[in-house]
1. For the stretch 69-116: of the residues being assigned to a loop (DSSP other than H, G, I, E, B) and in contact with a Lys or Arg (Cβ under 9 Å, 6 or more places away or on another chain), which is most open to solvent (accessible area, probe 1.4 Å)?
2. Which ones in the stretch 34-58 are under 14 Å from the mean Cα position of the chain (by Cα) and in contact (Cβ under 8 Å) with a residue 24 or more places away in the chain?
3. Under 8 Å between Cβ atoms, which residue pairs at least 6 apart in sequence (or on different chains) link something in the stretch 87-116 that is without any contact (Cβ under 8 Å) to a residue 60 or more places away in the chain with a partner that is of a type in the set (Asp, Glu) and surrounded by 12 or more Cβ atoms within 10 Å (Cβ to Cβ)?
4. I need a count of the residues in the stretch 24-68 that are at pLDDT below 85, among the aliphatic types (A, V, I, L, M) and loosely packed, with under 14 Cβ neighbours inside 10 Å.
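The values are calculated or read from the model by the stated rules, or taken from the named source; none is laboratory data. Please read all numbers here as calculations on a predicted model, not as lab measurements. Every residue, glycine as well, gets a Cβ built from its backbone with ideal geometry; the counts of neighbours run over all protein chains shown. Note: areas computed on protein heavy atoms with side chains; ligands, DNA, RNA excluded. Shrake-Rupley method; radii C 1.70, N 1.55, O 1.52, S 1.80 Å.
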Amino acid sequence: MKYFAVMILLACSVFSAQAAEEMMKKEQCLACHGPTFDDLIKKNVQANSDSGPVNPHEWIPHAGGPDKNATECIDCHAQHSMPPKPGYKDESASLEPCYACHHNYRLKKCSSCHGG
């Protein structure tokens, strides 16, 4: 019986480790932080940028549309444990993915630097 209990605990810990390694999808994040992406935008969470505070969720994706399918939440945010630890706050959110296109760390239209 002890052997069986140890095997069950081992299997559960392996399953938990595998689940933790799986990347969360936007739909899973929005189940708690939404429930829709538009609801998340309305929360008006601000991030500091070179041009001042910005709600980055407002610009995902630039093309807009109801699906907002340009990126996954974990592209900018760290994945937290489920359930999150009491008092958890994501301190790792980053605008770095924005700067792949908005080089020189400026959240401005391309034409403001490149003309035309």
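1. Pass one, the stretch 69-116, residues assigned to a loop (DSSP other than H, G, I, E, B): 69-72, 76-95, 101-102, 106-110, 115-116.
Adding the requirement that they be in contact with a Lys or Arg (Cβ under 9 Å, 6 or more places away or on another chain) leaves 69, 71-72, 102.
Details: 69: 109, 71: 36, 72: 55, 102: 38 Å².
Restricting to residues being assigned to a loop (DSSP other than H, G, I, E, B) and in contact with a Lys or Arg (Cβ under 9 Å, 6 or more places away or on another chain), the top hit is 69.
2. 37, 47, 56, listed by residue number.
3. 97/75; 105/50; 106/50; 107/50
4. 1
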